Amino acid sequence: MQILKIVITGSYAAGKSQFIRSISDIEPVSTDYSTTLDSERALKKETTVALDFGTIAINDKLTLYLFGTPGQERFDYMWEHLAIGCIGYIVLVDSCRPAYFTETRHLLDRFSEITDAPFIVAANKQDDPAALPALYVRRRLVIANDVPVVPCIGTQRESVKLALIALLKHIAASAVEHTEDKAESA
Ligand SMILES: Nc1nc2c(ncn2[C@@H]2O[C@H](COP(=O)(O)OP(=O)(O)O)[C@@H](O)[C@H]2O)c(=O)[nH]1
Ligand SMILES: [Mg+2]
């Protein structure tokens, strides 16, 4: 059986653990502990310290492994471990909290240093009336034109599925581009 690894990242409380929970075939493995910082506890009580893990069986030959990262930079040594061998990643953004956009921009930069794998951005929590539209999220985070930014509701399985399909399509398109580049330079 083939296993493909996808990483779900994003800043604190962007919805990474929820995203994996909404789609995983198995009860997700989670490593959430009470957060030690008051500022973080105001948003939620628990935080992912190592990883979230879920699986999606596409058919009997192919399974996706989803790894969620901790959001905060103080855990960023885990990002490098989790990114090894991933075919692509999704950066989740809490569309309701522009105060976290600078941190997300920083995470985007750090991740592109860690891995060359293709990625998309998911403007999460679009069901919240305070959510900024995906286009606005794209502009605020200065996302390159060739990187898809998709609207997402991480609590809804169908929406999570669409975000994963968008990533898989982007990975396929990037692979074709890569092959064409190679053919041109040969
Ligand atoms: N309204 C809304 N809330 C969400 C959505 N996704 C996640 N949340 C909530 O946002 C909070 C943080 O989510 P969590 O998955 O723990 O964030 P993480 O720190 O990135 O793992 C939780 O209370 C979730 O239930 C969404 O699409 N819409
Ligand atoms: Mg989490």
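Every number here is computed from the coordinates shown, using simple stated rules; none is lab data. Bear in mind the structure is a predicted one, so any value in this text is a computation, not a measurement. Here Cβ is always computed from backbone atoms with ideal geometry, including for glycine, and neighbour counts include all displayed protein chains.
Considering the range 136-172, and only residues there that are of a type in the set (S, T, N, Q) and more than 16 Å from ligand 2 (Cβ to nearest atom), the residue that is surrounded by the fewest Cβ atoms within 10 Å (Cβ to Cβ) turns out to be Asn145. Once the range 65-78 is narrowed to residues that are surrounded by fewer than 20 Cβ atoms within 10 Å (Cβ to Cβ) and in contact with a strand residue (DSSP E or B) (Cβ under 7 Å, 6 or more places away or on another chain), the residue that is farthest from Val7 (Cα to Cα) is Phe75. Does any residue of the range 148-164 turn out to be out of contact with any helix residue (DSSP H, G or I) (no Cβ under 7 Å at 6 or more places or on another chain) and over 20 Å from Ser17 (Cβ atoms)? Looking for residues that are out of contact with any helix residue (DSSP H, G or I) (no Cβ under 7 Å at 6 or more places or on another chain) and over 20 Å from Ser17 (Cβ atoms), one finds none in the range 148-164, hence no. Within the range 89-121, the set of residues being within 11 Å of ligand 1 (Cβ to nearest atom) and free of Cβ contacts under 8 Å to residues at least 60 places away in the same chain comprises Ser95, Cys96. Just one of the listed residues (Ala175, Ala122) is surrounded by 16 or more Cβ atoms within 10 Å (Cβ to Cβ) and of a type in the set (A, V, I, L, M, F, W, C), and it is Ala122.
Just for the range 122-141: of the residues that are part of a strand (DSSP E or B) and touching a helix residue (DSSP H, G or I) at 6+ places or on another chain (Cβ under 7 Å), which one is nearest to Ile6 (Cα to Cα)?
Looking only at the range 122-141, we keep the residues that are part of a strand (DSSP E or B), and these are 122-124.
If we keep only those that are touching a helix residue (DSSP H, G or I) at 6+ places or on another chain (Cβ under 7 Å) too, we end up with 122-123.
Details: Ala122: 14, Ala123: 18 Å.
Looking at residues that are part of a strand (DSSP E or B) and touching a helix residue (DSSP H, G or I) at 6+ places or on another chain (Cβ under 7 Å), I get Ala122.
Of all residues in the range 75-88, which are within 14 Å of Asp52 (Cα to Cα) and either in contact (Cβ under 8 Å) with a residue 12 or more places away in the chain or assigned to a loop (DSSP other than H, G, I, E, B) (or both)?
From the range 75-88, those within 14 Å of Asp52 (Cα to Cα) are 75, 78-79, 81-83; that's our starting set.
Listed by number, the residues that qualify are Phe75, Met78, Trp79, Leu82, Ala83.
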